[in-house]
1. Pairs A:Lys63/A:Lys273; A:Lys149/A:Lys303; A:Lys80/A:Lys336; A:Lys136/A:Lys206: which exceed 24 Å Cα-Cα?
2. Can you figure out the FRET efficiency of B:Ser253 with A:Asn84, using R₀ = 56 Å and their beta-carbon distance, to the nearest 0.05?
3. If you find the alpha carbon centre of region B:200-258 and of region A:277-338, how far apart are they in angstrom?
4. Run the quick spin-label model on A:Lys257 and B:Glu160: label points 7 Å from Cα toward the beta carbon, then report their separation in nm to one decimal.
5. Using only DSSP helix segments of four residues or longer, with each worth -39500 (n - 2.57), what per-residue ellipticity at 222 nm results for chain A after dividing by its residue count and rounding to 500?
6. Please name which of A:Val139, A:Phe265, B:Phe17 has its Cα lying farthest along the dipole of the protein assembly as shown towards the positive end, using unit charges on Cβ (Lys, Arg +1; Asp, Glu -1) and the Cα centre as origin.
7. Which whole-angstrom value gives the distance between the alpha carbon centres of region B:35-98 and region A:174-252?
8. Given the Cα-Cα distance of A:Lys336 and A:Gln192 and 0.36 nm per residue of separation, how much length would full extension add, in nm?
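Derivation of every value follows stated rules applied to the coordinates shown; laboratory data play no part. What you see is a predicted model; the values in this text were computed from it and never measured. Positions of Cβ are generated from backbone atoms using ideal geometry, with glycine treated the same way; all protein chains shown enter the neighbour counts.
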Amino acid sequence: MLLLVLAVLALSSCGKKDQVVLSVYNWGDYIDESVISLFEKEYGIKVNYDTFSTNEDMYVKIKSGGGNYDVLFPSDYTIKRMINEGMLAKVNMGNIPNYKYIADRFRNLAYDPDNEYSVPYMWGTVGILYNTTMVKEPVTSWKILWDEKYKKQILMLDSQRDSIGITLKMLGYSMNTRNPEELQAAKKALIQQKPLVLAYVGDDVKDKMIAGEAALAVVWSGDAVFMQWENEDLAYAVPEEGSNLWFDAMVIPATSKHQKEAELFINFMCDPKIAFMNTDYIGYSTPHIEAYKMLDPELANDKTAYPDEADVANCEVFEDLSDYLAEYDRIWTEVKAH
Amino acid sequence: MVKPRLKWVYACLIYLFLYAPIIILIIYSFNDSRYRGSWNGFTLKWYQQLFQDRQIMSALYYTLVVAVLSSIIATVLGTAGAIGIHNMKKIKKTMAMNLTYLPVVNPDIVTGLALMILFIFAHVQLGFGSLLLAHITFNTPYVILSVLPKLKQLDKNLYEAALDLGATPFHAFQRVILPEIMPRIITGLLLAFTLSVDDFVISFFTTGSGVSTLSITIYSMARRGINPKINALSTLLFLTVLLLLIIVNKRMSSQSPQVRKNLR
C-alpha cells in the first residue's frame with residue numbers, strides 16, 4: 001500500500017510534460033465553461049481551472065506559495081493589497097491587444113492607477129433592492145433602511161465591509177475611513193438598526209426577495225438584475241449619498257512560470273465574442289465595449305446593470321485597509337453580538 | 001406506558017425533521033427556475049446540464065477516487081496501527097493514543113493549513129498526490145479509534161492457542177483475529193469514506209493543479225448562489241446511497257441468522 005502511495009506521489013509530481021499547462025483560479029460559477037474548451041482548442045494549452053469562494057481564501061493560498069496559478073480573478077481591494085505586497089507581476093499590455101475594448105471609464109481605477117497589473121473582468125454596484133408593492137415611496141437614500149416603518153422587513157448583507165461601508169456613506173463619511181470617531185458612529189447606527197433587520201444574509205437574499213419575504217435588501221447589482229427578471233415587483237436604486245463600486249479583474253501572480261500563456265488567456269477573455277459569452281452566462285455587467293453592444297437592448301439600457309456615470313459619481317471603490325481591517329472586524333463582531 | 005400510536009407519531013416527526021431539507025432539495029432540482037423563491041414548472045434541464053458540466057463531473061470523479069483510495073489505505077494503516085498500539089507497553093501506549101487523538105480534536109483549518117505548509121516546505125506540488133496524502137492523514141486516526149476497542153475485547157488466549165497448534169503468526173492473525181475485528185474494520189472504512197467525501201477545509205488547502213472535490217466546487221458557488229445542478233447531483237447521490245442500502249439490507253435479511261449474528 002505504501003508503494004501505491006509513493007507511486008501516486010511520484011506520478012503527480014511529474015508535471016514536466018511537453019504540453020504547457022495554464023492554471024487559472026477564479027470564483028465559483030464565474031465563467032462560461034465552454035470558453036475554457038475554446039481556449040484549449042485554439043491554442044493547444046491545457047487549462048487547470050480551480051475555484052475559490054472568497055478573496056481571503058485565495059489570498060492565503062497564493063501568499064503561502066501553494067497553487068502555482070498563472071491567472072487569478074481577485075476583487076479590487078485584494079488586487080491593491082497584492083500589488084502592495086509585491087505578489088503580482090506586471091502585465092505586458094502589448095501582449096493584450098484586446099485591451100482596447102475596455103471602456104475608458106474602467107481604466108486607471110484606484111486600485112491599479114497605471115493599468116499595469118490588471119484587466120477588468122466584471123463590475124457592478126451595491127444598492128437597495130426594494131419590492132414596489134411594499135415600498136410606495138421613492139428610494140433615494142440609505143436612510144430608508146433605518147426607517148421604523150419597515151421593521152423586520154429589511155435584509156442586510158452579512159459582509160462587514162459592505163454593511164459598515166454603506167452605513168458610513170449614509171453618515172456622509174468615506175467607505176475606506178480610518179477615523180475611529182466615524183467608525184464608532186457607524187457602529188452605533190448599525191446597532192440602532194438591528195431591531196429593524198429581518199436577517200443578515202449572504203446569497204440567500206435572492207431567494208427571499210424573489211419570494212417577496214422582505215421589502216428592502218442591500219444587494220449587488222448583478223444579482224439585482226436576476227431578481228428583477230424573476231419578480232417584476234422588484235426595483236433597484238443606488239442611493240444619492242453614494243455606494244460601493246466593485247470590480248473583479250484578471251491578474252498574473254509574480255510566481256507564475258507561464259506569463260506569456262497567461263497573457264494569451266487574458267487577451268482571449270477580452271475577445272468580443274468570448275467577453276459576451278461570459279457576461280451573458282454570468283449576468284453581471286461587463287466593462288467590454290463590444291460585448292456591451294451585443295447585449296439584449298433591454299439589458300443594455302437597464303440602469304440597474306449599467307448605470308450612467310452621473311449615477312455613480314459618489315460611489316467609491318474599496319481600498320485595501322491592510323492592518324486597519326482588524327478594527328472593522330472588531331466593530332462588526334460587536335454589532336453582530338449585540 | 002406510552003401508547004404505540006404516540007410513539008409512531010413521534011418517530012415520524014423525527015424522520016420528517018431529518019429528511020425535510022433533503023426532500024425540498026430534491027423537489028427544487030426539478031424547478032424551472034434558478035431560485036427557490038418561485039416555482040416555474042417541472043423540468044429536467046438541470047440534470048442535462050449537470051452531465052455536460054465539466055467542472056462538476058471532474059470534481060465528482062476526484063471526490064469518489066480520493067474517498068475510495070484514502071479510506072482503503074487509511075483502513076490498512078489504521079488496522080495495522082491499532083494492532084501495534086494494542087501490543088505496546090503502558091507508557092508507549094499512552095503516548096501513541098495521545099498522538100492518535102490529536103488530529104481528531106484539532107480544528108480542520110489548523111490541520112489543513114499545517115499540511116499545506118508541510119507540502120510547500122517539502123516541494124511537493126499541490127495536486128492529486130497531496131490531496132490523497134492529506135485525506136489518508138486525517139482518516140487513519142478514526143480507523144484506529146474504531147478498531148482498537150474491539151482488540152481489547154478479544155480473548156488473548158485464542159491467538160496463542162492458534163500458535164501452539166502450529167500456525168504461523170500471520171496465519172493465526174488471518175484466521176483468528178481478523179474475522180473477529182472485521183466488523184469494526186468495515187465500520188472504520190465507511191467512517192473514513194464519509195469523512196473524506198464530507199471534507200472541505202483540508203481539501204481546499206491541500207489541492208491544486210485542477211484537482212477539485214465536490215465540497216470545494218459547491219462552496220465556491222457561495223458568492224453566486226448554489227446552481228440547481230448541485231440539487232440534481234445531490235438527488236442522484238442520495239438515490240444511489242438509498243439503493244445501495246436497500247440492496248445490502250435485503251441481502252442481509254436473506255442470509256441465515258448465524259451469519260447475521262457474526263456480522264454484528
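1. On the way: A:Lys63/A:Lys273 34 Å; A:Lys149/A:Lys303 27 Å; A:Lys80/A:Lys336 28 Å; A:Lys136/A:Lys206 21 Å.
In this structure, A:Lys63/A:Lys273; A:Lys149/A:Lys303; A:Lys80/A:Lys336 lie more than 24 Å apart at Cα.
2. Working: r = 66 Å, r/R0 = 1.18.
Taking R0 as 56 Å, the efficiency between B:Ser253 and A:Asn84 is 0.25.
3. Result: 34 Å between the Cα centres.
4. It works out to 5.9 nm between the two label points.
5. Working: 13 runs with 126 residues, N = 338.
Theoretical 222 nm ellipticity from helices: -11000 deg cm²/dmol.
6. B:Phe17
7. Answer, in whole Å: 37.
8. Working: separation 144, 0.36 × 144 = 51.84 nm, distance 1.18 nm.
Stretched out fully, the A:Lys336 to A:Gln192 stretch lengthens by 50.7 nm.
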